[in-house]
Structure formats: structure tokens, C-alpha cells
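First comes the structure, then the notes that go with it.
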Amino acid sequence: MKRLAERQNVIITLFIIGGALLILKAAHLQIIDSSYRDQAERTTLAKNTKYPARGMIYDRNETLVVSNTPIYDIEAVYNNIDPNMDTTLFCELLEIDKATFNKRLNKDWSDIRYSKNSNFIFLNKIEPNIFSRFQEHLYKFPGFYPIVRNIRSYPDSCGAHVLGYLSEVNNQDLADASYNYVMGDLIGSSGLEKKYEADLRGKKGFEYMLKDNLGRDVSSYNDGLLDSFAVVGEDLTLTLDIDLQKYGEQLMVNKIGAIIALEPSSGEILSMVSAPTFDPNLLSFSKKRGSAFVQLASDTLSKPLYNRAINAKYPPGSIFKPIFSLIALQHGITQPKRFIRCDGEYVLSRKTGESQGCHSHVSARNIQMAIQHSCNIYYYQLMREFLEQYGYTRPGQGMDTLMSYLERFGLGNKLGVDFPYENDGFLPYAETYDNMYSTEVNGWRSTYVLSLGIGQGEFQFTTLQMANLAAIIANRGYYKTPHLLKAYESSKEINPKYTVKRNVGIDREHFEPVIEGMRLAVEAGTARTAYSPDYVVCGKTGTSQNPHGEDHSVFIAFAPKDDPKIAIAVYVENAGWGASYGGPIAGLMIEKYLTGEISRRNKWMEERMLNADLINKEQL
């Protein structure tokens, strides 16, 4: 016991001595040795943000379509600024006046976005030569910190709507807890930049530095143990063919409308053209961005910022006839070889003499010929029979049956494309007409809405939905959800929903007469402007009635017939017949994609499309 007590005393003595030494050392550092206190007085701790490079974007052929360009900013921390700094020299170096200096420095400190102890953007979008000159004198201006970030540039100057653009974060973005955005950060605000923001933005890094009272770096804080590297954003490979995209935009110059081209088997979007468009470099972060945006936004006639490919809703016109043919065949309303006489007029009421007309052509001996010649009378009759299948007084039940079929084709709802702000179009269920004809004593009848049989009336589809209809026919009964992302650089899997086959519930046997009719339409019918002797094109024209002006030109197609590589929809507003502009543009796009060039025999057609001005009506 005595030996144990002695050991305890030794240990206690050692603790006392060690504690005394620590107290003496602390006293020496804080009272006697002033070196640490002097360093603390001379230095401040600064947290520098390392901005990651945003992910690059490539097309399906590995062509770079979105790259990065450095942009120079200056941040400030108000409480670190020397009130006696040479503001005259500061303003001369940055080529600003003192009024601008005061406006940019003195923020509304009651605003939660700003703090006198936190960084804020003092000046952005500085020209490289000005920024370089300022950096040489940076030590004279404590409290101001240079920042190098990346903005977007577009080597091919096309794809503005689909690629999107960046903007500075707003209050809603700042409240997003999933990422540490701060004032002045850039964020994808439209198109694919917005959809894949979380992948493209990367991850910020941070560096903690001790600075002297002149704002100069003294040393890394704590040997850099708290520092972190910036993580570069994910590179993306798109389904787009940028050459096809560029060509489509050229064909749509001075026109209003849209083009969507798909690879039928995969649902990959080959081109997404909205016209009019603009050079995406205009909305990159330069001094001209503000004026360019105002000019684009103020064009209320052609609305170049509006993405007509997925936002605009249009009546489909006669491109609806192949789809309705498939449904009528599947539902047993008609047969492939059914003959319906066409006298150029369909009588709605013998009592009133009201009728609907048709253009001049031979009567259709079968459904192929009905599609080939786009016979309105044929489809008025089929629509009447479809709506009245449950009885003359119960067209609503037939209407809802038809709409349920159309929903399977991806109509009336968003398809689910990986792109923001997709529109869902519109399908008129029976309730639509119950409300429309609520004052009718006996309700509405099939003859009120027979125009639906030729794609007129209340139908509204997006151009993306129309292209998807062409893909469904090309695939003989299924589609994969259209999408724009093909692959991640990191080999991360894309959303599996884009690989799922979605069957539309139409037996394969019913597609053959419809496809044959579309082939005949191109070779010897209403769609001859899309014909090629090198491969078989199956297409359908549409002329969408426009109560406010000239009709719209519509066209869907796919090619080749037996091994489809491309399905396409073209919608040109106020352009007249489907064969006038929709057909030629689709034919040229198909040829460009399948062969890589336009043949000599079609050069005249190409010149006509390139030079046609449908906005100013200076057509050649």
C-alpha cells in the first residue's frame, strides 16, 4: 500500500508541473511575447472560393457544342476596405466613374442578401486587359478580391433553345439548401443548362488564407488543412446531331414554327429546332447581353425566346389521319379494304343542307388510298361511326373511347422529355363538348365535331408529340420516351425510363396498310415534295386551319420504310399546304441526316426553302 501511495504522489506531482509549464507558456505568449498578437493584428482570415469549370456538352458525334470561356469579376468585403484608399486610381484602372464606384460599393445592408462582413460582387464581366492591369495594383486596395469564373460559349452558334443559357441566381435559388449558391453565382436558367444544372455545375472549392492589412496573402491558414479542391462539372453527351440542328435552323430562317427529329428505335432527339431562333452567344455574359436580351424579349411578333418545339400547341391537321386509321382498325370500326365514295362533299344535315368539303381526287378504294390522297370524306365517315358506336344520342361515350386510345400515343399529357417546361397539349373528352353545347336541349351530336377526323377542331398537339407519332408508326406500335441526354462522361446511367418500350395497344398487322398509304402519299400523293429515289420515305401532309390568317403547313415522316433511322415532324406557321413547306423541309432534313449532303437534284428545293421569307412575305 505504501508503494502504491508513492506512485500516486509522483503522478500528481508530474501533472502539477506539466500544468504549471503550460500556464507559464501561455502567459509568455499572451503577455511577454507579442509576435502572435502582432501577427493577429496584421492579418485577417479570408475564405476564397474556387469556382469549378462547368461541364462541357458534346453532341452524339462527340462534337463540342458548349464550352467554357473565362470571365473576370471583382468581389468586395465592405469592412475590409481601407476608407483612405486611392479611389481615383481605382476607378481609372477599372474604367468606371466615382458614381458607379459608390453605387456598387454601398449596398442596402438591411437586405439579407448583403453583409458588410461577407463577399459580394462589386464588378463583373471585366475585360481581360482591364482585369490584368488592375491585378498589378491589387495590393493597394485591401478588401477587393479578384475572381475568375467560366461562362458559356457556343462554337456552332446554334441550338439556343435546346441548350439554354445561364443567369445570375435569384432569391429562390439562394434559398435552395441543396447547393451553396451565393449572390453573383451563375445557374442554368433555361434548356438543358437548367435541366442538368446539378450535373453541370460541379462543386465549389474553398481556400482559407491569412492576409495582411494591405490585403496581401500572408500564408495558408492551418497549413491548408481546411482547404478543398473545386470539382469540375460533369461532361454530357447529347443525342443531338449538331450538323442536323444547324441545318434545320438554316431552313427555318424567316419562318415561324418548329422541327423535331427523332431516332425512332431509341427515342433520341436528333434535332429540336424552334424558329425564329438566335445566336446563343448573344446571351453569354458579356457587356452586350443586357441589350441583346431586351431586343429579343421585345420582339412580340416572332417571339424568338419562345420554344415552339415543346411549348406551342397546334391543331395537327391531316397528319392525324394515319393515327385515327390505326385506332379505327384496332377498334373494329373499319377494315383496310373498305371503299368510301368521295364526291367532294359530305352532307352533315339533309334538312339544313350543311356540308363539309374535300379536295379533288379519286374515291378511296381502301384505307391506303384514303391516306395517300388525304380524303376528308373518308375520315368524316369514320369519325361519325366511331362516335356513334354506342348510339346516335351517345357520342360522348364514343369520344371518351377515342381519347383513351390517343392517350396511349402520348397525347394530352407531357411525354416526359428531359427538358423544362414541356407542354401537354389538349385532348377534348366528352366533357369539353358537354360544356361547349350546354344550352342544347338534346345535347351535342357527332356531326358537330366531325372535323376532329381530319385533325381540326379542339385537338392541340406539340411538335414533339407529332414527331413521336411518326416514331410510333415507324416502330410499328411502340415508342421510347423522347430524350436529349445520351450519356454522362462518368458512365453514370441515364434515367431508365428512357429505355422502356411503351406499347400503344395497336396490333402490328394494322400498321402495314397505314404505312403503305404513307409511302404512296410521298411517291404519288399529297407528299411528293419529300420523295427520294435513294430510300423509301413514308410521310403525311397536313394543312392546319388557322382562323386568324393563312393556314399552317404540317408534315410528319420517317425513313427508310423498313429500317427507320429518323422520324420527323415539321410545323411552319402561316405557310399554307403541308406540301408547300412542311414536306420539302422534312425531305431535306431526312436527306441531310441519311446521306450527309443534299443531292444536286434537290439543290433547287434547298435554295427555295433557305430563301423563303414567310415573316415578311418576300417568298422566292
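The values are calculated or read from the model by the stated rules, or taken from the named source; none is laboratory data. Remember, predicted model here, so these are calculated numbers, not experimental data. Note that each Cβ is placed from the backbone with ideal geometry, even for glycine, and that neighbours are counted across all protein chains shown.
Quick notes
- Residue within segment 347-355 that is under 39 Å from the mean Cα position of the chain (by Cα), not in a strand (DSSP E or B) and not aliphatic (A, V, I, L, M) present: no
- Residue within segment 294-310 that is touching a residue at least 60 places away in the same chain (Cβ under 8 Å) and assigned to a strand (DSSP E or B) present: no
- Test: residue in segment 469-478 that is farther than 27 Å from Thr334 by Cβ, of a type outside the set (Lys, Arg) and either without any contact (Cβ under 8 Å) to a residue 60 or more places away in the chain or not assigned by TED's automatic domain parsing to the domain that holds Glu573 (or both): no
- Count - residues of segment 284-340 that are on the phi > 0 side of the Ramachandran plot and either among the aromatic types (Phe, Trp, Tyr) or touching a helix residue (DSSP H, G or I) at 6+ places or on another chain (Cβ under 8 Å) (or both): 1
- Qualifying residue in segment 468-491 (condition: among the β-branched types (Val, Ile, Thr), farther than 25 Å from Ile590 by Cα and under 20 Å from the mean Cα position of the chain (by Cα)): no
Matching residues to (1) assigned to a strand (DSSP E or B); (2) assigned by TED's automatic domain parsing to the domain that holds Asn366; (3) within 21 Å of Phe558 (Cβ to Cβ):
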position: Asn254; (1), (2), (3): no, yes, no
position: Ser271; (1), (2), (3): yes, yes, yes
position: Lys287; (1), (2), (3): no, yes, no
position: Ile319; (1), (2), (3): no, yes, yes
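- Residue within segment 135-144 that is among the basic types (Lys, Arg), over 30 Å from Gly248 (Cα atoms) and in a helix (DSSP H, G or I) present: yes
- Counting the residues of segment 552-564 that are of a type outside the set (D, E, K, R) and assigned to a loop (DSSP other than H, G, I, E, B) gives 2.
- Condition met for Ala567 (in a strand (DSSP E or B), crowded, with 22+ Cβ neighbours inside 10 Å and of a type in the set (A, V, I, L, M)): yes
- Segment 160-215, subset acidic (Asp, Glu) and more than 27 Å from Pro304 (Cα to Cα), residue surrounded by the fewest Cβ atoms within 10 Å (Cβ to Cβ): Asp176
- Here Asp212 fulfils each of the conditions (1) at pLDDT below 85; (2) on the phi > 0 side of the Ramachandran plot apart from (2).
- Within the option set Ser35, Ser118, Ser67, being within 38 Å of the chain's Cα centre (by Cα), among the small types (Gly, Ala, Ser) and either surrounded by fewer than 10 Cβ atoms within 10 Å (Cβ to Cβ) or modelled with pLDDT under 90 (or both) holds for one residue only, Ser118.
- Qualifying residues in segment 315-366 (those that are closer than 30 Å to Asp424 by Cβ and in contact with a strand residue (DSSP E or B) (Cβ under 6 Å, 6 or more places away or on another chain)) - the one surrounded by the fewest Cβ atoms within 10 Å (Cβ to Cβ): Gln356
- Criterion: under 30 Å from Gly596 (Cβ atoms), modelled with pLDDT of 70 or more and of a type in the set (Asp, Glu) - qualifying residue of Glu62, Glu95: Glu62
- Hey, Ser274 under 30 Å from Asp185 (Cα atoms), touching a strand residue (DSSP E or B) at 6+ places or on another chain (Cβ under 8 Å) and buried (at least 23 other Cβ atoms within 10 Å of the Cβ) or not: yes
- Residues that are surrounded by fewer than 19 Cβ atoms within 10 Å (Cβ to Cβ) and in a loop (DSSP other than H, G, I, E, B), drawn from segment 499-530: Val500, Lys501, Gly505, Asp507
- Hits in segment 457-495 (condition: over 29 Å from Gly233 (Cα atoms) and part of a loop (DSSP other than H, G, I, E, B)): Gly457, Glu458, Phe459, Thr462, Asn475, Arg476, Gly477
- Qualifying residue in segment 571-580 (condition: in a strand (DSSP E or B) and closer than 20 Å to Phe461 by Cα): yes
- Test: residue in segment 110-130 that is touching a Phe, Trp or Tyr at 6+ places or on another chain (Cβ under 7 Å), charged (D, E, K, R) and free of Cβ contacts under 8 Å to residues at least 40 places away in the same chain: yes
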